[in-house]
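Visitor: Have a look at this one before I ask anything.
The values are calculated or read from the model by the stated rules, or taken from the named source; none is laboratory data. Source: prediction; values computed, not measured. Glycine also receives a Cβ, built like all others from the backbone with ideal geometry; neighbour counts cover every protein chain displayed. Side chains included, ligands, DNA and RNA excluded: accessible areas come from the protein's heavy atoms. Shrake-Rupley method; radii C 1.70, N 1.55, O 1.52, S 1.80 Å.
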Amino acid sequence: MAIKIYTEQVKIHETPLEKIFFDGTQITIEFDDEDEKRWCVMFSQIQEFKITTIDCFDVSKLLMDGMKSSYILFEDNSKWINNLNITLNKTDYHASFFDKSKHYIFPFQDNIVEVVSLNISIEKLK
């Protein structure tokens, strides 16, 4: 398990005012960056997602140089993906989409949002 920065393109604001939308096939997350510009991250081909309040999350996993990261992160060699893959292989041992999926982490102010997905797109909103 290694937490890494997914992109340095956007640094999450300390009060990001995040909004999360799920329509059954995709997740859209909107939030503010450090310059109070609004961003939209869209995920498709989602395998799982979860939202954990920061009080119930081991934030030490997200520390970089002793501080909680303010970037979109991903977990390399994710235990979560490995466990999902084990379960999938019990019903479809030919499936291989977890080989390309990533475990993304959004360290927001009050919530930690995690998504396992094949596809991600990031855009700045006007």
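Visitor: In this structure, is THR15 closer than 21 Å to LEU118 by Cβ and either modelled with pLDDT of 95 or more or open to solvent by less than 60 Å² (accessible area, probe 1.4 Å) (or both)?
Guide: no
Visitor: A further question follows. Restricting attention to segment 15-55, which residues are under 15 Å from LYS102 (Cβ atoms) and acidic (Asp, Glu)?
Guide: Once the filter is applied, which keeps residues that are under 15 Å from LYS102 (Cβ atoms) and acidic (Asp, Glu), segment 15-55 yields only GLU48.
Visitor: Anything in segment 57-74 that is out of contact with any Lys or Arg (no Cβ under 8 Å at 6 or more places or on another chain) and either among the acidic types (Asp, Glu) or closer than 20 Å to GLU18 by Cα (or both)? List them, or say none.
Guide: Correct list: PHE57, ASP58, ASP65, LYS68, SER69, ILE72.
Visitor: In the set ASN119, ASN77, which member is among the polar types (S, T, N, Q) and either more than 21 Å from ILE51 (Cβ to Cβ) or in contact with a Pro (Cβ under 7 Å, 6 or more places away or on another chain) (or both)?
Guide: None of the others qualify; the one that does is ASN77.
Visitor: The conditions are (1) of a type outside the set (Lys, Arg); (2) open to solvent by 50 Å² or more (accessible area, probe 1.4 Å); (3) assigned to a loop (DSSP other than H, G, I, E, B), and THR87 fails exactly one of them. Which is it?
Guide: Failed condition: (3).
Visitor: Looking at the structure I just gave you, is LYS124 touching a Phe, Trp or Tyr at 6+ places or on another chain (Cβ under 6 Å) and over 20 Å from ALA2 (Cβ atoms)?
Guide: Details: touching a Phe, Trp or Tyr at 6+ places or on another chain (Cβ under 6 Å): yes; over 20 Å from ALA2 (Cβ atoms): yes.
So LYS124 fits the description; yes.
Visitor: Of everything in segment 90-126, what is exposed (fewer than 13 other Cβ atoms within 10 Å of the Cβ) and assigned to a strand (DSSP E or B)? Give them in sequence order.
Guide: Within segment 90-126, SER121, GLU123, LYS124 meet the criteria.
Visitor: Pull up segment 27-38, narrow it to residues that are touching a Pro at 6+ places or on another chain (Cβ under 9 Å) and more than 15 Å from VAL115 (Cβ to Cβ), then point me to the one that is surrounded by the most Cβ atoms within 10 Å (Cβ to Cβ).
Guide: That would be ASP32.
Visitor: Further question on the same structure: Is at least one residue of segment 45-66 among the β-branched types (Val, Ile, Thr), open to solvent by less than 80 Å² (accessible area, probe 1.4 Å), more than 14 Å from the chain's Cα centre (by Cα) and at pLDDT below 95?
Guide: Yes, segment 45-66 has at least one match.
Visitor: Taking segment 1-28, which residues are of a type in the set (A, V, I, L, M, F, W, C) and over 25 Å from ASP65 (Cβ atoms)? Step through it out loud before you land on a result.
Guide: Initial filter on segment 1-28 (of a type in the set (A, V, I, L, M, F, W, C)): 1-3, 5, 10, 12, 17, 20-22, 27.
LEU17, ILE20, PHE21, PHE22, ILE27, listed by residue number.
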